[in-house]
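*Asks:* First the structure, which I've put down as structure tokens, then a few questions once you've had a look.
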Amino acid sequence: MQELKKKLISIAEYHEIEQESGLKYEYHQGEIFAMAGGEPEHSLIATNISTILNTKLQGKGCIVGNSDLKVRLDDQDRTFYPDISIFCEPPIRSSKESIALTNPSMLVEVVSDTPKHTIEETSLTTTAEFLRLNVI
């Protein structure tokens, strides 16, 4: 049986697709994944966590971003929109994507036990295995 090959795209093609569609996509080493809208519970949990973290980090020089803030890990060739990202150092913009920041201190992803989220958890776990985050 012949094995099907995935068509990998460049970061430039990814930018073009995201701009033309008006949708958010994650980019992982040449593959893209459309970001679906979340359930109301997901949004409420992420908002509550973000509020708590923002309150706890006041005066510590950290900024808290929501799922509209794009994070790019240049060394892993990955771009994604975590539910919450925290930056405790001056934010650094990616040289490959000027609207993405590259130096998160902490990432938070709200997940559930549905099959869709299991896939996202695997993706996030893979990212976390390679990402060294700073202690806040």
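The values are calculated or read from the model by the stated rules, or taken from the named source; none is laboratory data. Note that this is a predicted model, so its numbers are computed, not measured. Please note that ligands, DNA and RNA were not included when accessible areas were found on the heavy atoms of the full protein model with its side chains. Shrake-Rupley method; radii C 1.70, N 1.55, O 1.52, S 1.80 Å.
*Asks:* How much length, in nm to one decimal, is gained on full extension between residue 33 and residue 11, taken as 0.36 nm per residue of separation minus their Cα-Cα distance?
*Replies:* Value of the extension gain: 6.6 nm.
*Asks:* Amide H to amide H, which residues 5 or more places from residue 100 or on other chains are under 5 Å from it, using H placed in the peptide plane?
*Replies:* 94
*Asks:* Using a 1.4 Å probe, how large is the accessible area of residue 28, given in Å² and rounded to the nearest 10?
*Replies:* 20
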